[in-house]
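The values are calculated or read from the model by the stated rules, or taken from the named source; none is laboratory data. Model, not experiment: these values are computed from the prediction. Here the Cβ positions follow ideal geometry from the backbone for every residue, glycine too, while neighbour counts run over all protein chains shown.
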């Protein structure tokens, strides 16, 4: 019986720094390059896209990132904002978008079924009425070009109806039908988020008709997405990929097999690397000293289900909310060592959960200054608040 090549936690952290552009010499000049390195940038929180890109760019400006996301002069932007993995909004490189959408289409079908059930139970809608509401949205966007959810509700009376979420629970809430209908259309790639109605941190997006994407067979799409994931996040376990994509276990195993990935031994069990990546597995070289301030929901922090190799389990409760969303984090050499928050007085406040040493503290201070310059007075509050972030903000 052959012995699998083994990667230690330290080797994985060194690879993380290199692949995820966390050292100064590895930073990129364009947002598209950052998104490609990470497969995509989490976009549920509008600020995350800007902050995740800026952390990995040599010279980042909000205007440059905004243009990469939204400008259509001379053709389509190089990035697509789509709802995909785990029904989560991502910004992905346009060449990869067809495979990402096709690889997660089963999840969008479930999303539609859930929406129909919700509207049937709350408002006694049938499928014909739901389809008519979708058609009305598409027609309104064709006329308007772009519109917010509120503007669409002004045009379409059915969208103004309200439904109750989690009735009888302490967190019961109401929302307009527009939120449900727009979410499904976005998941299916029929509409897209355009520029926000407010600043770059605003969650009030305009909507527009989506540019058609080429069709990709589902199995081919899943293999392509698994290949990109392993190139960026490997070595990773089947459980990591299953969690990251939202696939079932069978689809995940089939996608990994289709990539030709080779098994390696990890502390968590068996991981996988792409064949052309296996030769680099024994590399023990350390990257240059690397400090980074990453935003809440950053793709690096959210890239694996098993995180003990880069996050002390004792710190999980401080850094995550009750739904598994991570807040802003401080990194040193591929490991989470603390958290940061935008204090209400305007400064970046941070707390180290462990002492990384003087060199690290100096580098972290430099990153705080770099982030402050990028923000230039704009205060950022994550859409998902975590215990430590709340304390640091006040």
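Are any of the residues in the range 118-131 part of a helix (DSSP H, G or I), in contact with a strand residue (DSSP E or B) (Cβ under 6 Å, 6 or more places away or on another chain) and more than 20 Å from residue 175 (Cβ to Cβ)?
No, there is no match, as no residue in the range 118-131 is part of a helix (DSSP H, G or I), in contact with a strand residue (DSSP E or B) (Cβ under 6 Å, 6 or more places away or on another chain) and more than 20 Å from residue 175 (Cβ to Cβ).
Just need a number here: residues in the range 37-54 that are part of a helix (DSSP H, G or I) and either surrounded by fewer than 22 Cβ atoms within 10 Å (Cβ to Cβ) or touching a strand residue (DSSP E or B) at 6+ places or on another chain (Cβ under 8 Å) (or both).
7
Evaluate the following for residue 309: is it in contact with a strand residue (DSSP E or B) (Cβ under 6 Å, 6 or more places away or on another chain) and crowded, with 18+ Cβ neighbours inside 10 Å? Please lay out each step first, then the result.
On the way: in contact with a strand residue (DSSP E or B) (Cβ under 6 Å, 6 or more places away or on another chain): no; crowded, with 18+ Cβ neighbours inside 10 Å: yes.
No: the conditions fail for residue 309.
For the range 322-361, what are the residues that are over 16 Å from residue 293 (Cα atoms) and crowded, with 17+ Cβ neighbours inside 10 Å?
325
Listed here are the residues, each with its yes/no results for (1) without any contact (Cβ under 8 Å) to a residue 40 or more places away in the chain; (2) buried (at least 16 other Cβ atoms within 10 Å of the Cβ); (3) more than 26 Å from residue 244 (Cβ to Cβ).
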site: 98; (1), (2), (3): no, yes, no
site: 109; (1), (2), (3): yes, no, no
site: 114; (1), (2), (3): yes, no, no
site: 132; (1), (2), (3): yes, no, yes
site: 138; (1), (2), (3): no, no, yes
site: 154; (1), (2), (3): yes, no, yes
site: 172; (1), (2), (3): yes, no, yes
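Taking helices (runs of 4 or more DSSP H) that do not extend beyond the range 312-394, which have at least 2 residues that are under 22 Å from residue 58 (Cα atoms) and either at pLDDT below 95 or within 24 Å of the chain's Cα centre (by Cα) (or both)?
In the range 312-394, 358-375 are the helices (runs of 4 or more DSSP H) which contain 2 or more residues that are under 22 Å from residue 58 (Cα atoms) and either at pLDDT below 95 or within 24 Å of the chain's Cα centre (by Cα) (or both).
Exactly one condition in (1) in contact with a strand residue (DSSP E or B) (Cβ under 7 Å, 6 or more places away or on another chain); (2) in contact (Cβ under 8 Å) with a residue 60 or more places away in the chain; (3) surrounded by fewer than 23 Cβ atoms within 10 Å (Cβ to Cβ) is not met by residue 27; state its number.
Of (1) in contact with a strand residue (DSSP E or B) (Cβ under 7 Å, 6 or more places away or on another chain); (2) in contact (Cβ under 8 Å) with a residue 60 or more places away in the chain; (3) surrounded by fewer than 23 Cβ atoms within 10 Å (Cβ to Cβ), only one is false for residue 27: (2).
Can you tell me which residues in the range 17-36 are assigned to a helix (DSSP H, G or I) and under 15 Å from residue 94 (Cβ atoms)?
Taking the range 17-36 first, the residues assigned to a helix (DSSP H, G or I) are 17-19, 24-26, 31-36.
The answer is 31, 32, 33, 34, 35, 36.
Residue 113: in a helix (DSSP H, G or I), more than 19 Å from the chain's Cα centre (by Cα) and modelled with pLDDT of 95 or more, yes or no?
The answer is no for residue 113.
Between a first residue in the range 57-77 that is at positive phi and at pLDDT 85 or above and a second residue that is buried (at least 19 other Cβ atoms within 10 Å of the Cβ) and assigned to a loop (DSSP other than H, G, I, E, B), which pairs have beta carbons less than 9 Å apart while being 6 or more apart in sequence or on different chains?
Within 9 Å, no pair qualifies.
Filter the range 293-302 for residues that are touching a strand residue (DSSP E or B) at 6+ places or on another chain (Cβ under 8 Å) and touching a residue at least 40 places away in the same chain (Cβ under 8 Å); which is surrounded by the most Cβ atoms within 10 Å (Cβ to Cβ)?
Filtering the range 293-302 down to residues touching a strand residue (DSSP E or B) at 6+ places or on another chain (Cβ under 8 Å) leaves 293-294, 296-302.
From what is left, the residues that are touching a residue at least 40 places away in the same chain (Cβ under 8 Å) are 293-294, 296-300, 302.
On the way: 293: 23, 294: 26, 296: 31, 297: 26, 298: 25, 299: 25, 300: 26, 302: 22.
Residue satisfying both the conditions and the ranking: 296.
Cβ-Cβ distance below 6 Å, separation of 6 or more or different chains: which pairs start in the range 6-21 with a residue that is in contact (Cβ under 8 Å) with a residue 40 or more places away in the chain and end on one that is surrounded by fewer than 21 Cβ atoms within 10 Å (Cβ to Cβ) and part of a helix (DSSP H, G or I)?
19/232
Looking only at the range 117-130, which residues are without any contact (Cβ under 8 Å) to a residue 12 or more places away in the chain and crowded, with 16+ Cβ neighbours inside 10 Å?
125
Do we find a residue being within 19 Å of the chain's Cα centre (by Cα) and in contact (Cβ under 8 Å) with a residue 40 or more places away in the chain anywhere in the range 206-213?
No, because not a single residue in the range 206-213 is within 19 Å of the chain's Cα centre (by Cα) and in contact (Cβ under 8 Å) with a residue 40 or more places away in the chain.
I'm checking my understanding of the structure. Among residues of the range 4-16 that are in a loop (DSSP other than H, G, I, E, B) and touching a strand residue (DSSP E or B) at 6+ places or on another chain (Cβ under 8 Å), which one is farthest from residue 299 (Cα to Cα)?
Here the residue is 4.
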